[in-house]
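Notes to accompany the following structure.
Read-outs: derived from the displayed coordinates by stated rules, not from any lab. Just so it is clear, the model here is predicted, and its values are computed rather than measured. A quick note on method: Cβ atoms are made from the backbone with ideal geometry, for glycine too, and the neighbour counts reach across all protein chains shown.
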Amino acid sequence: MDRTNEAGNRTNEADGAEPGVRHSVADGVATVVISHPARRNAMTAAMWRELPGLLDGLGRDPAVRVLVLTGDGGTFCAGADITSLGPAVAEESPQELAVRAEEALAAFPRPSLAAVRGYCVGGGCQLAAACDLRFAEEGASFGVTPAKLGIVYPAASTRRLVSLVGPATAKYLLFSGELIGTERALRTGLIDEVLPAGELGRRVAGFARVLAARSQLTQAAAKEFAAGRADREAHWAQQARGSGDTAEGVAAFLERRPPRFTWGG
């Protein structure tokens with residue numbers, strides 16, 4: 001049966017595998033894959049519900065130093081499964097489920113990076129915006145589409161979008177529901193890097209290794225301060241004094257060797 005996702009694509013549900021959110025962990029990097037290829041990775045209610053618990057588990061895993069969020073195949077996420085935008089599911093509306101997943105991603109305690117190919121629309125853009133950084137392959141498309149459906153975009157999601165792209169671009173995206181390409185997305189701050197076709201995976205893997213090698217103490221403090229938590233400055237100063245990371249970083253610099261940071265939160 002043909003159905004539609006937020007990107008406006010008609011797809012055949014019978015063509016794909018069971019939808020879900022897969023993950024793997026290797027060399028300090030957790031890779032989470034949005035997988036619903038028959039629907040261009042549109043998020044079902046079950047997938048929205050699955051994501052917060054998965055992120056909580058990965059955030060508690062001391063082996064995880066970096067999170068990469070991506071989509072199965074050639075698309076990041078074409079939005080929400082439109083068929084889920086009906087009655088509440090288990091006393092929660094689909095929008096509430098999406099916001100809960102978005103907030104869990106924004107609160108992830110390690111650096112997070114969205115690796116975007118193809119469509120990054122609606123709920124997909126909501127998830128990408130909740131990551132700390134976004135790298136995209138040339139030809140990717142971005143859009144925030146509630147105006148096409150008569151949906152009120154959540155306040156927290158709107159504020160997050162405004163913090164990334166500024167009020168004018170946020171209004172353009174929200175008022176029109178139009179899609180933009182990688183050039184405009186990069187110019188407005190929605191994404192951080194654009195890679196030629198075929199190079200996104202290599203760049204993301206390399207940059208994730210860089211992040212995994214850096215001080216988790218520095219990263220955790222910077223993440224909170226960037227979120228407006230200036231009240232935590234004394235806490236992080238205390239953590240720095242007892243961590244040994246500063247002494248190790250200085251010693252490694254003077255000895256011209258890679259540092260071996262040990263602070264783990």
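Tell me, what is the FRET efficiency for E92 and T262 to the nearest 0.05, using R0 = 35 angstrom and their Cβ-Cβ distance as r?
0.30
Quick check: the angle from helix 245-255's long axis to the longest principal axis of the chain, C-alpha only, nearest 10 degrees?
70 degrees
May I ask for the angle, rounded to the nearest 10°, between helix 45-60 and the longest principal axis of the chain, with both axes built from Cα atoms and the value confined to 0 to 90°?
Roughly 0 degrees between the two axes.
Once you put a point 7 Å from the Cα of R187 and another 7 Å from the Cα of A222, both along the Cβ direction, what distance in nm separates them?
With each label point 7 Å from Cα toward Cβ, the separation is 2.8 nm.
Taking the beta-carbon count within 10 Å as an exposure proxy, list R40, R117 from fewest neighbours to most. Show your work: numbers first, answer last.
Working: R40 26, R117 21.
Lowest count first: R117, R40.
Choose one answer from A237, A147, A78: the residue with the largest mean-square fluctuation in a GNM of the chain with alpha-carbon springs under 10 Å.
A237
May I ask you to derive the FRET efficiency for A247 and V210 from their Cβ-Cβ distance with R0 = 30 Å, giving the value to the nearest 0.05?
0.90
Assign one of three labels to segment 141-265, namely rounded, prolate or oblate, based on the Cα gyration tensor with a ≥ b ≥ c the square roots of its eigenvalues; rounded applies when a/c is under 1.5, prolate when it is not and a/b is larger than b/c, and oblate otherwise.
oblate
Putting +1 on Lys and Arg Cβ atoms and -1 on Asp and Glu Cβ atoms, find which of A205, T188, T145 reaches farthest to the positive end of the dipole of segment 107-205.
After comparing all options, I get T145.
Looking at the chain as a GNM with Cα springs under 10 Å, which of G20, G73, G228 has the largest mean-square fluctuation?
G228
What is the pair-distance distribution P(r) of segment 27-142, computed from all Cα-Cα distances in 5 Å bins starting at 0, with each bin given as a whole percent?
With a bin width of 5 Å, the distribution comes to 2, 13, 23, 25, 20, 11, 5, 1, 0.
Charges only on Cβ, +1 for Lys and Arg, -1 for Asp and Glu: so what's the dipole of the chain about the Cα centre, in debye to the nearest 20?
On the way: 29 positive and 30 negative charges, 133 e Å.
Magnitude of the dipole: close to 640 debye.
Would you mind checking which residues have amide H under 5 Å from L69's amide H? H placed 1.01 Å from N; only 5 or more apart, or other chain.
Those qualifying (amide H under 5 Å, at least 5 residues apart or on another chain) are V32, L113, A114, A115.
Compute the distance from the alpha-carbon center of segment 119-183 to that of segment 44-69, in whole Å.
Cα centres, segment 119-183 to segment 44-69: 22 Å.
Order these by the 10 Å Cβ neighbour count, fewest first: T75, T262.
If I rank by nearby Cβ atoms, fewest first, I get T262, T75.
Just checking my list (1) 19.2; (2) 20.2; (3) 18.6 against Kirkwood radius over Cα pairs in Å computed from this structure; which label fits?
(1)
What do you get for the angle between helix 94-106 and the principal long axis of the chain? Use alpha-carbon atoms, 0 to 90 degrees, nearest ten.
20 degrees
What does the net charge come to around R110 if you take all other residues with beta carbon closer than 12 Å to its beta carbon, with K and R at +1 and D and E at -1?
Neighbourhood net charge equals +2.
For a quick check, take a GNM of the chain with Cα springs below 10 Å and name the residue from E92, E255, E18 with the largest mean-square fluctuation.
Maximum fluctuation in the GNM of the chain, among the listed residues, is at E255.
Order of I151, I180 from fewest to most other C-beta atoms within 10 Å?
I151, I180
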